[in-house]
Protein chains: 2
Amino acid sequence: MLSDVAKLAGVSTATVSRVYNEPDKVSANVRERVEHAAVTLNWFPNAAGRALASTRSHIAGIIIPTLDDQVFASQVSGMQAAFAARGITLVLGCSNYDPAQALVQVRAMLARGAEAMAVVGEAHPPELFDALRLYRVPYAVTYAYREDSPHDCIGFDNFAAYVQMTEHLIGLGHRSFAVCLQPTRDNDRVQARVAAIRATLERHGLAVRPEHVCEGESTIGFGRRSLRSIWQAPCERPSAIICGNDHIALGVLREAEELGIEIPGELSVTGFDDLEISKEIRPTLTTMRVDTYEIGRLTAQHLLDILDGKRPQHGHEVRALLEIRESTGPAPNAHAGDARLQR
Amino acid sequence: MLSDVAKLAGVSTATVSRVYNEPDKVSANVRERVEHAAVTLNWFPNAAGRALASTRSHIAGIIIPTLDDQVFASQVSGMQAAFAARGITLVLGCSNYDPAQALVQVRAMLARGAEAMAVVGEAHPPELFDALRLYRVPYAVTYAYREDSPHDCIGFDNFAAYVQMTEHLIGLGHRSFAVCLQPTRDNDRVQARVAAIRATLERHGLAVRPEHVCEGESTIGFGRRSLRSIWQAPCERPSAIICGNDHIALGVLREAEELGIEIPGELSVTGFDDLEISKEIRPTLTTMRVDTYEIGRLTAQHLLDILDGKRPQHGHEVRALLEIRESTGPAPNAHAGDARLQR
DNA sequence: TTGTAAGCGTTATCAA
DNA sequence: TTGATAACGCTTACAA
């Protein structure tokens with residue numbers, strides 16, 4: 001331990017500590033001796049002792065729904081890299097989309113003395129945010145961005161993104177829509193997307209038929225089943241399907257091929273996330289892209305700024321980019337004028 | 001802090017500590033008073049103090065190359081869940097395939113007092129394993145499994161898997177091969193796969209032409225570029241391409257469609273990992289599946305067993321399952337007999 | 001620039 | 001079953 005190093009180097013424990021925490025307050029000569037002693041004894045500072053004495057844990061936490069989703073994995077990756085560069089260890093918790101688990105994880109991280117926290121979305125128990133405030137731990141909500149959010153947030157505006165997507169289709173002359181989404185429960189991002197679709201359609205005097213709303217797991221299989229059920233429904237078929245992400249959209253595309261539905265001739269399809277495969281399959285998928293690694297990096301930066309005593313902005317908005325590709329086109333029986341409107 | 005709780009409950013600090021660590025050594029009556037006091041004061045044990053006094057950090061670490069790859073993300077997920085169930089926090093480090101970074105991360109985790117560690121693969125600096133041994137931290141190598149490994153390992157036999165894959169193609173009558181792999185440098189798993197392909201072909205008196213070996217990033221784009229260059233090479237074209245994973249194979253399939261190469265009629269293609277999309281695209285992709293979440297879970301379990309003082313086996317082998325699908329078929333000019341041989 | 005010594009918030013030993 | 005008290009390994013006033 002430290003005192004052994006001190007003894008071997010012939011200095012006090014305070015000096016050894018300084019060598020690692022305020023190196024320039026130690027003369028080069030002494031510093032070298034200490035470093036040599038440390039190497040000899042194969043010593044490095046013990047984090048627990050350090051945390052206890054300095055009341056700084058050098059730990060930050062992030063709670064995500066699941067690592068199975070690439071968008072969250074890359075966000076963690078971005079945060080991890082940015083924090084590591086500042087000597088802060090990132091601790092990860094997965095809630096599995098369960099608010100109760102998220103709360104437990106946050107408490108565990110507070111017990112660990114996390115100095116900063118990030119949570120995905122705002123759909124969490126109030127106790128979660130209460131705890132964060134009570135212990136004065138700076139935190140940020142990620143992946144979602146709202147001007148008027150009570151929390152600092154770093155992400156994109158899910159509502160605005162789906163307005164844009166819906167307007168794109170309306171501009172192409174579409175008037176009959178279906179939506180296939182991942183579970184909306186406890187998920188404010190998905191809820192915002194649904195709301196955006198509804199609001200945008202409503203503005204044009206349109207609405208989605210209940211038979212044309214599918215909610216289920218975020219998989220290709222769900223996308224396939226959804227299209228099948230939509231196509232079999234005893235009502236007018238939609239000319240466009242808006243999906244909650246690329247996985248689901250990929251499933252819709254695959255099933256369309258199977259059912260002999262022409263895309264985009266007969267049906268337009270949109271996704272979200274812009275997976276690598278989405279621009280490679282035929283037809284290529286119209287989707288939106290968000291730099292989730294950057295969200296992670298910015299989040300870490302934001303929290304570091306707060307720890308540094310800077311008073312950063314309310315958050316950061318990251319842009320969601322619409323990538324128009326082959327899977328969307330003019331509605332089958334649209335007036336030429338309609339389709340041209342927004343092009 | 002704890003002493004406040006003790007005061008409020010009218011007991012000693014030792015008793016408060018017991019309530020949380022050895023609850024049944026405390027009378028129900030006293031326990032209740034303490035718990036009530038803790039809730040009132042909104043107190044929970046501080047991990048640093050705890051770690052210092054008990055010399056147990058309740059932290060475990062894992063070093064993976066990158067979170068961008070689903071197989072590592074799900075392994076982390078499996079470990080995290082298993083450790084969390086035992087009150088152990090998992091700390092994550094990404095090496096970005098850089099051995100030096102891996103070493104730094106391991107040291108950082110040792111400083112944090114990690115009680116157990118997992119690292120992906122064995123291609124690490126000796127100092128890394130030396131450090132782990134020096135500090136007597138139980139560890140396991142994951143994602144790779146060798147009977148005769150000096151380390152405990154949990155994963156699958158990369159060599160055996162690619163032998164099986166290569167034999168599958170040879171059984172189909174293929175005699176001319178190409179391989180498209182992710183970077184082999186500092187990656188023992190990929191190296192084992194190359195070795196397996198070479199050894200298996202050699203056993204049949206075959207070898208891969210240098211022009212037919214492509215090494216590059218693990219992307220669809222690399223797969224596409226590789227097939228193009230292989231197809232343009234001024235030598236006999238291969239009848240089968242073995243890819244290092246599904247991403248690369250997906251790229252090969254896409255480029256084949258573009259180039260008008262018939263699959264599997266003209267060319268057989270294989271991947272590895274069995275992504276969800278691989279059984280959905282046309283033609284469906286022949287590949288191998290490994291349960292990486294399970295690898296993570298087993299790794300955590302193995303390390304927990306060691307911490308519990310059990311002396312578990314040398315490791316666990318997880319099976320890699322060959323999924324034969326549409327992208328592989330008989331070699332174009334194979335004798336009927338050849339193709340039947342291994343069917 | 002360096003040293004002394006008092007904590008930091010728990011757990012663990014021993015005694016009661 | 002409970003309590004007193006000395007660690008645990010480091011940081012940080014304060015003093016020299």
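Answer yes or no as to whether B:Asp4 is surrounded by fewer than 21 Cβ atoms within 10 Å (Cβ to Cβ), more than 13 Å from DNA strand C (Cβ to nearest atom) and of a type in the set (D, E, K, R).
no
Which residue out of B:Thr66, B:Thr55 is surrounded by fewer than 14 Cβ atoms within 10 Å (Cβ to Cβ) and within 14 Å of another protein chain (Cβ to nearest Cβ)?
Of the residues listed, the single one that is surrounded by fewer than 14 Cβ atoms within 10 Å (Cβ to Cβ) and within 14 Å of another protein chain (Cβ to nearest Cβ) is B:Thr55.
For (1) touching an Asp or Glu at 6+ places or on another chain (Cβ under 9 Å); (2) in contact (Cβ under 8 Å) with a residue 40 or more places away in the chain, each residue gets a yes or a no:
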| site | (1), (2) |
| --- | --- |
| B:Gly113 | no, yes |
| B:Phe129 | yes, no |
| B:Ser149 | yes, yes |
| B:Asp152 | no, yes |
| B:Tyr162 | no, yes |
| B:Thr166 | no, yes |
| B:Thr184 | yes, no |
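Please specify each residue of region A:296-324 satisfying the condition of being in contact (Cβ under 8 Å) with a residue 60 or more places away in the chain, away from chain B (no Cβ under 14 Å) and in a helix (DSSP H, G or I).
Listed by number, the residues that qualify are A:Leu298, A:Thr299, A:Gln301, A:His302, A:Leu303, A:Leu304, A:Ile306, A:Leu307.
Quick check on region A:7-22: of everything there that is free of Cβ contacts under 8 Å to residues at least 12 places away in the same chain, surrounded by 13 or more Cβ atoms within 10 Å (Cβ to Cβ) and within 10 Å of DNA strand C (Cβ to nearest atom), which residue is nearest to the other protein chains (Cβ to nearest Cβ)?
A:Thr13
To keep it simple, each residue is scored yes or no on (1) in contact with a Ser or Thr (Cβ under 6 Å, 6 or more places away or on another chain); (2) of a type outside the set (Ser, Thr, Tyr); (3) crowded, with 24+ Cβ neighbours inside 10 Å.
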{"residue": "B:Arg254", "(1), (2), (3)": "no, yes, no"}
{"residue": "B:Glu262", "(1), (2), (3)": "no, yes, no"}
{"residue": "B:Leu275", "(1), (2), (3)": "no, yes, no"}
{"residue": "B:Lys279", "(1), (2), (3)": "no, yes, no"}
{"residue": "B:Thr292", "(1), (2), (3)": "yes, no, yes"}
{"residue": "B:Gly296", "(1), (2), (3)": "no, yes, yes"}
{"residue": "B:Thr299", "(1), (2), (3)": "yes, no, yes"}
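Using the structure shown, decide if B:Tyr97 is among the hydroxyl-bearing types (Ser, Thr, Tyr), touching a residue at least 60 places away in the same chain (Cβ under 8 Å) and in contact with a Pro (Cβ under 8 Å, 6 or more places away or on another chain).
Judged against the criteria, B:Tyr97 is a match.
In region B:105-131, how many are crowded, with 18+ Cβ neighbours inside 10 Å and within 13 Å of chain A (Cβ to nearest Cβ)?
10
Looking only at helices (runs of 4 or more DSSP H) that fall completely inside region B:8-58, which ones have 2 or more residues that are over 39 Å from the mean Cα position of the chain (by Cα) and within 8 Å of DNA strand D (Cβ to nearest atom)?
B:13-21, B:28-41
Identify, from the list A:Arg297, A:Arg289, A:Arg228, the residue that is touching an Asp or Glu at 6+ places or on another chain (Cβ under 7 Å) and closer than 30 Å to A:Ile88 by Cα.
Of the residues listed, the single one that is touching an Asp or Glu at 6+ places or on another chain (Cβ under 7 Å) and closer than 30 Å to A:Ile88 by Cα is A:Arg289.
Only one of these is surrounded by 24 or more Cβ atoms within 10 Å (Cβ to Cβ), facing chain B (nearest Cβ under 9 Å) and under 30 Å from B:Glu276 (Cα atoms): A:Ala73, A:Ala102, A:Ala81. Name it.
After applying the criteria, what remains is A:Ala73.
Is it the case that B:Glu215 is in contact (Cβ under 8 Å) with a residue 12 or more places away in the chain, surrounded by fewer than 22 Cβ atoms within 10 Å (Cβ to Cβ) and out of contact with any helix residue (DSSP H, G or I) (no Cβ under 8 Å at 6 or more places or on another chain)?
yes
Of the residues B:Gly155, B:Gly93, B:Gly173, B:Gly87, only one is within 14 Å of chain A (Cβ to nearest Cβ) and either surrounded by 21 or more Cβ atoms within 10 Å (Cβ to Cβ) or touching a strand residue (DSSP E or B) at 6+ places or on another chain (Cβ under 9 Å) (or both); which?
Answer to the check: B:Gly93.
Return yes or no: is B:Phe222 crowded, with 20+ Cβ neighbours inside 10 Å and either free of Cβ contacts under 8 Å to residues at least 40 places away in the same chain or more than 25 Å from the chain's Cα centre (by Cα) (or both)?
The answer is no for B:Phe222.
Out of the helices (runs of 4 or more DSSP H) lying entirely within region A:70-186, which hold 1 or more residues that are basic (Lys, Arg), under 30 Å from B:Val104 (Cα atoms) and over 19 Å from the mean Cα position of the chain (by Cα)?
Per the criteria, A:99-111.
Run B:Lys25 past the list (1) away from every other protein chain (no Cβ under 14 Å); (2) more than 12 Å from DNA strand C (Cβ to nearest atom) and report the number of the one that doesn't hold.
It fails just one condition, (2).
Go through region A:42-78 residue by residue and tally those that are within 19 Å of A:Val137 (Cα to Cα) and among the polar types (S, T, N, Q).
Qualifying residue count for the region: 3.
Kindly provide the set of residues from region B:37-52 that are facing another protein chain (nearest Cβ under 7 Å), surrounded by fewer than 19 Cβ atoms within 10 Å (Cβ to Cβ) and of a type outside the set (Gly, Ala, Ser), ordered by number.
B:Asn42, B:Phe44, B:Pro45
Computed from the coordinates by the stated procedures, all read-outs in this text should not be read as laboratory data. Nothing here was measured: the structure is a model prediction, and the numbers come from that model. Note that each Cβ is placed from the backbone with ideal geometry, even for glycine, and that neighbours are counted across all protein chains shown.
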